[in-house]
Structures are given as C-alpha cells and as structure tokens.
Amino acid sequence: MRAKLIAGNWKMNLGKADSLTLAHDLIHKIPKHSKAQVLLIPTFLHLDAVAHVVAKSHLLLGAQDVYFEKTGAFTGEISAGMLLELGVSHVLIGHSERRHVLHETDAVLNKKLLAATAEKLVAIYCIGETLQERDAGKTAEVLQHQLKAGLVHLSHDVIEKGHLVIAYEPVWAIGTGHTATPEHAQETHAFIRARLSEILTPELAAAIRIQYGGSVKKSNAAELLAKPDVDGLLVGGASLIADEFAAIVQAAG
Ligand code: PEP
C-alpha cells in the first residue's frame, strides 16, 4: 500500500511569525492519526524555526530545493547534510518554478536527486508539461524525457526504501486555478507509472508514490485522491490557509 503524502509548498511566502503560526495551527487542526503523511515546506530561512514547532509532532518538514555538492565555495547554496541537520526529511527537486523561472536543467536536477537521496532525504521529483507543450501534443514526450533524465544512476535501493516520490505538476495548472480533472490526473499518473516500470522494474514502479499538484483546493482534493494512481497532493496556494490545508488532508482519510 502506498501511504498518501500531502505536502504544502509555502514557496517564498509568509514571514517568520506567520510561518510559525501556520505550523502551530496545522498541528492542532490535522488529526494525529490521519492516514496521510503530512509535509510542510517553508522557505529555507524559516526551516529551523518551523522545525522546532513541528519536532515531535505528526507533521514532517521539507525543503524547497537542495544543492548537489556537500560543502565548499557555492555561495547561496544549501547542502543535503545541512538540511538533515535541521530535521528536514523531504526535499522538492525540479519544481516547475526552478525549471522554468530559474532555468535548472535535467542534468542539474539529476545531480540534486542523487545527492539528496545519498543523504537519505526523500526526494520529491517534480515533472510536468507547459501549456505550450500540451497544446503541441508533447505531454507524453516531455514527461518521459524528464523521468529518464532525472532518474539516471538512481539506485534501486533508494526506491525500495521509499526515498523517491514523483510529483506530476502540469505547469498550466500551477497557481492558475485550472486544475487537471481527476480523469486527466489518473490517465497521466498511469502513464508515468508505466514509464517508471520500463525505466526501473514493474515492482519498483508499483511502489513509487505519484503526487498530483496544480491548483488543488479542499473542493477538488477528494475526487483527485479517489483515483487509484494519485498517491498524494502537492499544494501551493491552498497550503497557506490552515483550514483549507487541513481540509485537504482530511480528504485523504
Ligand atoms: C505548487 O506550488 O507546487 C503548486 C501546485 O501550486 P498551486 O497549488 O498554488 O497551484
């Protein structure tokens, strides 16, 4: 059974006080015995403070990015080891804003994925097509390429340990209010799992969790999560509102 993973990506939002308030509120609003794993992903700057709030709670802590080197002259970057030290267990890799706004390449993302999983962080590898790619009928090609290029040299052991999660986030759905229909999400997740089965093995593909992300709200979470290949949600805007995010988690059962 693939445990559902519901993650809130706070992006470059919320000051320190608001981040701490949101984390406190979520600890109280999300039931301890919720079936889903719940992950909060604040900005790097507030990771340490949020880590103190969620320590010993039922909520997990994630980072929005990681650098692939362990240490050295890499101004502005943060290593997997540094994240671990703060109590971070999960990290986003290749979020569409990093691919398209900050122009991170597949080769760089692959290095990040290998570095993060080598330190035993759970890597949430984000993939998704742009509107232009979708309109050109290139969705399958783009997703297949992102999977192949991103997962090069990833050991099967890492996957067996559950340290790889895929997030399917169609770029046209992120922050736009245009959510993929549950049917579209299921069809695409099944396609992704079939490609994972070819790249890896059918057994490993069956074990990998595939999250959906793109304008998820409490009103559409349950129908997305009801689909057999939707193993969780990556939530941006709606994760900044405690009641809304708690309701999304509740939809996971
Ligand atoms: C995201 O940031 O990964 C995301 C899906 O954002 P939103 O939910 O706001 O579309």
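The values are calculated or read from the model by the stated rules, or taken from the named source; none is laboratory data. These figures come from a predicted structure and were not determined experimentally. Virtual Cβ from ideal backbone geometry, glycine too; neighbours counted across all protein chains shown. Ligands, DNA and RNA are stripped out before the accessible areas are found, and what is left, the full protein with its side chains, is counted by its heavy atoms. Shrake-Rupley method; radii C 1.70, N 1.55, O 1.52, S 1.80 Å.
Scanning region 119-129 for residues being within 14 Å of the ligand (Cβ to nearest atom) and either out of contact with any Leu (no Cβ under 8 Å at 6 or more places or on another chain) or farther than 14 Å from I174 by Cα (or both) gives a total of 2. Considering region 90-109, and only residues there that are in contact (Cβ under 8 Å) with a residue 40 or more places away in the chain and open to solvent by 20 Å² or more (accessible area, probe 1.4 Å), the residue that is farthest from the ligand (Cβ to nearest atom) turns out to be A107.
Have a look at V50, V38 and point out the one that is out of contact with any Phe, Trp or Tyr (no Cβ under 8 Å at 6 or more places or on another chain), assigned to a helix (DSSP H, G or I) and either open to solvent by 40 Å² or more (accessible area, probe 1.4 Å) or modelled with pLDDT of 95 or more (or both). Give the steps one after another, and end with the answer.
Working: V38 fails: assigned to a helix (DSSP H, G or I).
Exactly one of V50, V38 is out of contact with any Phe, Trp or Tyr (no Cβ under 8 Å at 6 or more places or on another chain), assigned to a helix (DSSP H, G or I) and either open to solvent by 40 Å² or more (accessible area, probe 1.4 Å) or modelled with pLDDT of 95 or more (or both), namely V50.
Is it the case, given these coordinates, that A136 is out of contact with any strand residue (DSSP E or B) (no Cβ under 7 Å at 6 or more places or on another chain) and open to solvent by 40 Å² or more (accessible area, probe 1.4 Å)? Against the criterion (out of contact with any strand residue (DSSP E or B) (no Cβ under 7 Å at 6 or more places or on another chain) and open to solvent by 40 Å² or more (accessible area, probe 1.4 Å)), A136 qualifies. Within the set K16, K32, K70, the sole residue that is under 29 Å from D229 (Cβ atoms), in contact (Cβ under 8 Å) with a residue 24 or more places away in the chain and among the basic types (K, R) turns out to be K32. Among all residues of region 187-201, there is at least one that is touching a His at 6+ places or on another chain (Cβ under 9 Å) and in contact (Cβ under 8 Å) with a residue 40 or more places away in the chain.
Scanning region 48-86 for residues that are farther than 22 Å from C126 by Cβ and hydroxyl-bearing (S, T, Y) gives S57, T71, T75. If you check H153, H178 for being modelled with pLDDT under 95 and either farther than 27 Å from A116 by Cα or over 15 Å from the mean Cα position of the chain (by Cα) (or both), only one passes: H178. Here the condition is being acidic (D, E), free of Cβ contacts under 8 Å to residues at least 12 places away in the same chain and touching a helix residue (DSSP H, G or I) at 6+ places or on another chain (Cβ under 9 Å); of E141, E169, E244, it holds for E141 alone.
Annotation: of all residues in region 218-244 being of a type outside the set (G, A, S) and closer than 13 Å to N9 by Cα, the one that is farthest from the ligand (Cβ to nearest atom) is I241.
Looking for whichever is farther than 25 Å from G150 by Cβ, modelled with pLDDT under 95 and of a type outside the set (V, I, T) here; the options are H58, H33, H28. Which one fits?
Only one candidate passes the filter, namely H33.
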